[in-house]
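There's a structure below that I have some questions on.
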Amino acid sequence: MTGFGAGHGIADEVIAVEVRSVNHKFCEVKARLPRELASFEAEVVRMVKSRIARGAIEVSVRREAEVGSVEARLDLPLARAYVDGLRHLARELKLPEEIQLTDLAQIEGVLRVAPCPPDPQAAAQALTQALGAALVELEAMRIREGSSLKADLALRVRLIESAADEVRAFVPKVIAAYRDRLSSRVTELAQGATVDAGRLAQEVAIFAEKSDIAEELTRLASHLAQFRAELDGDGPIGRRLDFLTQELNREINTLGSKSQSFDIATRVVTMKAELERIREQVQNVE
């Protein structure tokens with residue numbers, strides 16, 4: 001599921017964390033940390049995976065310098081090289097050697113102001129605090145989205161159940177209609193001859209056996225009940241819903257292949273359409 005969260009941690013220094021998630025079949029975490037905090041990447045990934053089971057998660061970490069948390073860094077070899085070069089230039093051009101300290105300080109790279117290296121213990125504490133706060137926000141957003149997904153999936157399940165009930169009601173009518181058509185056709189072809197009622201009943205029985213969908217309807221109802229139970233359960237359910245969706249697809253396809261009625265075929269198409277919507281939404285469920 002999609003979501004966003006941000007947090008700050010303070011322990012001798014300030015660390016800011018932003019966490020973004022988008023839909024993904026598995027849990028993949030990409031962490032971007034400053035070079036000074038690169039050693040904490042594995043711990044960041046572990047923390048995220050301990051709280052989130054599914055999604056492509058991007059974690060951005062940055063250090064926010066405070067007053068007193070910076071230091072001046074002098075590149076002494078570079079400064080010496082500039083002094084030697086300037087003195088050589090002055091001798092060659094017969095110019096006075098008037099090299100001022102302020103001139104050297106303004107040369108790029110000689111004097112730099114940079115954040116102080118982080119204290120490992122303080123950095124770990126601030127990072128844990130910031131990431132925890134960001135994950136709380138992210139989870140809250142994902143929960144809100146999950147509630148909407150649950151309502152939508154429950155609606156799709158009810159629509160499939162309704163179509164399956166209509167199919168179940170059509171089955172006796174389909175067999176009766178086949179018997180009437182077969183009897184009428186045989187009588188027409190017999191041209192007044194006696195029709196073997198036993199043979200006619202046998203053909204109807206064969207048709208009924210070939211088109212029997214009772215088992216498929218029973219398994220379909222069972223899978224739908226399990227699907228609804230998972231929606232009402234706790235914890236990660238995305239992969240189980242994914243599996244149940246595959247089982248539902250198998251039973252609905254079998255219903256379609258056995259269908260000998262336009263009315264049943266129409267309901268099967270309806271079920272397939274709703275199941276496809278379920279399949280798309282399940283990819284968003286953790």
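Read the figures in this text as sums done on the coordinates, not as results from a lab. Small disclaimer: the values here were computed from a predicted structure and weren't measured. Cβ: placed from backbone, ideal geometry, glycine included. Neighbour counts: every protein chain shown.
Once the piece of chain linking A56 and A169 is laid out straight, how much longer is it, given 0.36 nm per residue of separation minus the C-alpha distance between them?
Numbers: separation 113, 0.36 × 113 = 40.68 nm, distance 4.48 nm.
Between A56 and A169, full extension yields an extra 36.2 nm.
Please give the length that would be gained between L155 and Q283 if that part of the chain were fully extended, namely 0.36 nm times their separation in residues minus their C-alpha to C-alpha distance (nm, one decimal).
Working it through step by step, the gained length comes to 44.4 nm.
Tally Lys and Arg at +1 and Asp and Glu at -1 over the other residues with C-beta under 10 Å from the C-beta of L159: what net charge comes out?
It works out to a net charge of +1.
Right, another one. Could you check the spin-label model distance between A38 and I143? Points 7 Å from the Cα along Cα→Cβ, value in nm.
Output for this residue pair reads 3.8 nm.
OK, next. Which parts of the stretch 236-263 would a label at E276 reach, counting a residue when its backbone N lies under 18 Å from a point 7 Å out along Cα-to-Cβ?
Inside the label zone: 245-257.
Computed from the mean reciprocal separation of all distinct C-alpha pairs, what Kirkwood hydrodynamic radius does the stretch 1-152 have, in Å? Working shown, then result.
Numbers: mean 1/r = 0.0535 Å⁻¹.
Final number for the Kirkwood radius of the stretch 1-152 is 18.7 Å.
For T254, project a label point 7 Å along Cα to C-beta. Then give me every residue of the stretch 217-244 with its amide nitrogen under 11 Å of that point.
217-221
While we're here: Going by average Cβ neighbours within 10 Å, how do the peptides 217-224, 147-154 rank, with the highest at the top?
The most tightly packed comes first, giving 217-224, 147-154.
Taking a 22 Å limit on the Cα-Cα distance, which of the listed pairs K25/K49; K25/K258; K150/K272 fall beyond it?
From K25/K49; K25/K258; K150/K272, over 22 Å: K25/K258.
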